[in-house]
Amino acid sequence: MKKGQATKEHIIRESAALFNTKGYAGTSLSEIIERTHIRKGGIYNHFESKDDIALGAFDYMVAQLKSLLAEAMAEQPEPAAKIQAICEVYIQLVERKLWEGGCPIMNTAVESDDGHPLLKQRAQSAMGELMSGLKGILADGIARKQFRSDIDAEAASSVIIALIEGGVMLSKLYDDPVYIRHCTAQVQSYIDRELAVQS
């Protein structure tokens with residue numbers, strides 16, 4: 001890897017932790033400089049603005065999350081187990097504090113709202129990918145006759161995401177992983193009660 005590319009990736013990695021804990025508005029360029037140990041001129045050799053850094057940092061964090069989810073799901077052949085594997089990734093995210101700040105999609109969605117349209121768009125796109133992936137898992141479960149054929153996949157995927165992200169938010173708020181455990185247990189209960197074909 002060329003030195004310039006390595007420097008750019010270093011800036012993104014270190015900035016990602018700042019943006020994910022302090023938010024876009026709460027992160028200053030001086031903090032990025034202090035964290036990366038790179039002068040302002042060096043940073044602007046690689047990025048046009050703080051916005052540019054924030055977008056790169058968000059994309060980096062989401063790529064990391066997608067990689068963890070893909071790896072966890074690849075080990076599970078059954079649709080219900082894949083959903084539980086997603087839950088387990090978020091449990092580890094909270095309990096092992098894999099990243100500073102928690103889930104980058106939720107953090108960005110909450111903070112960007114209408115204040116930063118490009119970040120909001122990125123968060124919508126990332127969440128859309130998560131929802132689409134879940135809908136694919138549900139469709140697979142229906143095809144295998146493990147899930148009910150009359151499931152509203154859009155509604156079901158939004159319920160699952162809301163439970164997981166709600167658990168992350170509460171655990172972060174109270175600094176207690178019990179909430180992500182409670183909420184992911186409800187995902188399993190939802191699968192058993194509402195989605196699974198009853199024998």
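Every number in this text was worked out from the coordinates using simple rules, so none of it is lab data. The model shown is predicted, which means the values in this text are computed figures rather than measured ones. Neighbour counts run over all protein chains shown; Cβ positions are idealised from the backbone, glycine included.
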Extension gain S67-R181, at 0.36 nm per residue separation less the Cα-Cα distance, in nm?
38.8 nm
Name the lysines eligible as straight-distance cross-link partners of K40: C-alpha to C-alpha under 27 Å, and not fewer than 8 places from it in the same chain.
K2, K3, K8, K22, K50, K120
Within-12-Å neighbourhood charge of K50 [Cβ basis; K, R +1; D, E -1]
-3
I'd like the Karplus ³J(HN,Hα) series for segment 60-73: coefficients 6.51, -1.76, 1.60, θ = phi - 60°, whole numbers in Hz, and an x wherever there's a Gly or Pro.
4, 5, 5, 4, 5, 5, 4, 5, 4, 5, 4, 5, 5, 6
Restrict the search to segment 112-168; then list the trypsin sites (Lys or Arg not before Pro) that DSSP places in a loop and that have at most 14 other Cβ atoms within 10 Å of their Cβ.
R144, K145
Counting other beta carbons within 10 Å of each residue's own, what order do M61, M131, M73 fall into, fewest first?
M131, M73, M61
With an 8 Å cut-off on Cα pairs and a minimum separation of 6 or more residues, tell me the relative contact order of the chain in percent.
20 percent
Output the 0 to 90 degree angle, nearest 10, between the alpha-carbon long axis of helix 3-26 and the longest principal axis computed from the alpha carbons of the chain.
70 degrees
Burial ordering of K82, K22, K2, fewest other beta-carbon atoms within 10 Å first
K2, K22, K82
